[in-house]
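S.K.: Right, I'll just put the structure down here and ask away after.
Please treat every number below as a calculation from the coordinates, not as lab data. Since the structure is predicted, the reported quantities are computational estimates derived from the model, not experimental observations. Here the Cβ positions follow ideal geometry from the backbone for every residue, glycine too, while neighbour counts run over all protein chains shown.
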Amino acid sequence: MTPSKENEILGRNGDFKLRKEGGHVLFVHKSGQKAATDALGGAIWAAIPGTTDEVIRKVTEGWSVSADFVEDYLYLMRRAEVVKGAEEARKEEEKGGERKTAGREAGGIVAGGPAASDDLISVVVITHNGKDHVVDCLGSLGRQSYKNVEIIVVDNASSDGTAEIISTRFPEVRLLPQRRNLHYSGGVNVGLRQAHGKYVFVVNQDTETAADCLERFHEAMRADETIGAVVPMMKFFHLRGFVNGLGNQIRNHGWGTDNFIGHIDVGQFADLKEVPSACFGAVFLSRKALEAVGLLDESYGSFYEDVDWSFRCWMGGFRIVPQPKAVVYHKFGGSYLQRPKLKFVARNRQKLVLKLFQGKVMLGVFKRYLKEDARNFRELDVFRRNFGFYHAFDQQGLPRLDASILLGHYRWVLKKKV
C-alpha cells in the first residue's frame with residue numbers, strides 16, 4: 001500500500017456533483033455523463049474537502065469501516081478523477097490552459113518533423129457530420145510527440161460543414177471528401193488505400209488522443225513482428241477516469257461489447273498480453289498485417305466489420321495486443337444515431353456468424369442471435385419509433401464507483417500499489 005498522505009488536502013473535482021435519482025447515488029459530470037456510487041461512496045464524498053487524515057476520521061466516526069478501506073476508496077476516486085489533490089488540481093489547470101493555448105496558436109497539424117525513427121505513421125480519421133468533434137480530434141493529433149506522421153481524413157459526405165472546417169483549420173491534412181456516405185468500413189478502406197505509412201492508426205472523429213499515444217503504439221508494435229494490431233486504452237471523453245474499452249469481444253449471446261467498459265484503471269491491465277478483437281474506433285495496424293489480411297469487408301457498412309477483420313487477423317497468424325499506455329478519449333455514442341446503429345448491429349452479427357463460423361458452433365450461435373433479435377423487436381415501440389430496449393446496449397450500464405467494490409475485483413490490485 002502507498003503511505004498515507006495525511007497532510008495532503010483533497011478537493012472535489014468541480015466538474016462533478018453528487019445527485020440521487022430513483023434511489024441511486026450518482027456522480028454527475030457537467031456534461032451530463034454519470035457514474036454510479038453507493039451510500040458509503042456518497043458519505044466519503046461529503047467528507048471532502050480536507051486532508052486525507054481528516055476525511056478518514058470523519059468517515060470512520062460514522063461508518064463501521066477501517067481507515068485503510070477509506071484510504072483505498074479515496075485512491076480510486078482520484079484514479080476516477082472525481083477527487084483531486086490540491087497540487088494535482090493546480091497542475092491540471094495549468095496543463096489544460098497550455099493545451100487550449102497551443103491549440104489556438106497552432107491552428108492545425110504539425111506533421112513531417114524530425115522523428116526518433118524513419119517509420120512513417122499514417123493516421124486515418126473517418127468523419128461524417130462531425131463539426132462538433134473534428135477540432136478536438138485533429139488538434140490532439142497535431143500535438144503528438146511522435147512527429148513522423150501523415151494525417152488523412154476521409155469525409156463521408158458531411159452536410160454540416162465538417163469538410164470546410166478541416167480545410168480551413170487544418171490545411172496540412174490530406175482531406176478526401178466522398179460524394180456519398182460509404183459508412184465506416186468503406187471510409188476506412190479509402191484511407192487505408194491512400195496511406196503510405198509502415199503503420200496506420202485508424203481513429204473515429206469523436207476522439208481525443210493523448211500526446212504520447214502514437215509513440216506508445218509504435219513502441220508496442222515494434223516489440224514483435226507477429227503483432228498485427230495494437231489497441232489503445234479508450235476512456236470516456238468526459239468521465240476520463242473510467243475505461244470505455246481495451247479492445248472488444250463477441251460472445252455466443254448478447255451484443256458485442258468493449259472489454260472492461262466502466263472499470264477504473266488502477267494498473268490491473270499492465271500484464272494483459274492479448275485481446276480477442278480490435279475496436280476500429282481506434283486501432284494501430286501494421287502494414288504487414290494489412291497486406292496479408294486485407295481491408296475491411298465493406299458489406300458490413302458499420303459495426304462488426306472490426307470483429308470480422310480481427311478474426312481474419314488471428315487466422316492469418318497475427319496477434320492483437322493491448323497497449324494501456326496509449327490513451328484515447330472517446331465521446332461514447334457521439335457519432336451514430338441509435339436507430340441505424342441498431343439496424344446494423346442486429347444484421348451484422350448474423351452476417352459475421354454465417355461468414356466465419358462453421359458447423360455446430362455456427363448453428364448454435366446463429367439460433368441464439370435470431371431468438372434475441374425476435375425478442376428485441378417485439379419490444380419495439382413502432383408508433384414512437386423508439387428502440388427502448390436499445391438503450392441498455394448503448395450504455396452498457398453506468399460506470400460504477402461503489403465503495404463496496406473494494407471488497408471485490410479492485411482489492412488485489414490496490415494491495416500492489418507503489
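S.K.: Determine ³J(HN,Hα), in whole Hz, for all residues of region 294-302 in sequence, where each value follows from phi through the Karplus function 6.51 cos²θ - 1.76 cosθ + 1.60 and θ = phi - 60°; x replaces Gly and Pro.
M.R.: Using θ = phi - 60°, the values come out as x, 7, 6, 7, 6, 5, 6, x, 9 Hz.
S.K.: Continuing with the same structure: So what's region 1-76 giving for Cα Rg divided by 2.2 N^0.38 Å, two decimals?
M.R.: After normalising by residue count via 2.2 N^0.38 Å, the value is 1.12.
S.K.: Within a Cβ distance under 13 Å of Ala289, other residues only, what is the Lys/Arg minus Asp/Glu net charge?
M.R.: Counting the neighbours of Ala289, the net charge comes to +2.
S.K.: Which pairs break 30 Å Cα to Cα here: Lys20/Lys331; Lys30/Lys131; Lys17/Lys343?
M.R.: Flagged as over cut-off: Lys17/Lys343.
S.K.: Right, here's the next one. If we count other beta carbons within 10 Å of each Cβ, what is the order of Lys343, Lys273, fewest first?
M.R.: Listed from fewest to most nearby Cβ atoms, that is Lys273, Lys343.
S.K.: Find how many whole Å separate the alpha carbon centroid of region 348-372 from the alpha carbon centroid of region 266-287.
M.R.: When both Cα centres are located, 25 Å separates them.
S.K.: Under a point spin-label approximation (7 Å from Cα along Cα-to-Cβ), what is the Thr60-Asp15 distance to one decimal in nm?
M.R.: Spacing of the two 7 Å Cα→Cβ label points: 3.2 nm.
S.K.: While we're on this one: Along its three principal axes, how long is region 209-329 when you only count alpha carbons? Whole Å, largest extent first please.
M.R.: That works out to 36, 35, 23 Å along the principal axes.
S.K.: How big is the charge dipole of region 113-330 about its Cα centre, in debye rounded to the nearest 20, if each Lys and Arg gets +1 on its Cβ and each Asp and Glu gets -1 on its Cβ?
M.R.: So the magnitude is around 100 debye.
S.K.: Sticking with this one: Output ³J(HN,Hα) for region 166-177: one whole-Hz value per residue in order, computed from phi by the Karplus curve 6.51 cos²θ - 1.76 cosθ + 1.60 with θ = phi - 60°, and x for Gly and Pro.
M.R.: Values per residue, Gly and Pro as x: 5, 5, 7, 7, 10, x, 6, 6, 8, 8, 10, x Hz.
S.K.: Sorted by average packing, counted as other Cβ atoms within 10 angstrom per residue and highest first, what order do 363-370, 69-76 take?
M.R.: The peptides rank, most packed first, as 69-76, 363-370.
S.K.: Count the DSSP beta bridges whose two residues both fall in region 113-330, then state the antiparallel fraction as a percent rounded to the nearest 5.
M.R.: 40 percent
S.K.: Quick one: Karplus J couplings for region 225-235, per residue in order, coefficients 6.51, -1.76, 1.60, θ = phi - 60°, nearest Hz, x for Gly and Pro?
M.R.: 5, 7, 7, x, 8, 10, 9, x, 7, 8, 10
S.K.: What are the residues whose amide H is under 5 Å from the amide H of Asp38, where those residues sit 5 or more places off or on another chain and H is modelled from the backbone?
M.R.: Result for Asp38 returns Ala403.
S.K.: I've got another one for you. Label 7 Å along Cα→Cβ of Ala374; region 345-364 residues with amide nitrogen under 11 Å?
M.R.: No residue qualifies, since no backbone N sits under 11 Å from the label point.
S.K.: In Å, what is the Rg of the alpha-carbon atoms in region 160-266, and how long is Dmax?
M.R.: Taking only Cα atoms of region 160-266, I get Rg and Dmax of 16.4, 47 Å.
S.K.: Stokes-Einstein diffusion coefficient for region 113-330 at 25 °C in a medium of 0.890 mPa s, Rh from the Kirkwood formula over Cα pairs: what value in µm²/s?
M.R.: 143 µm²/s
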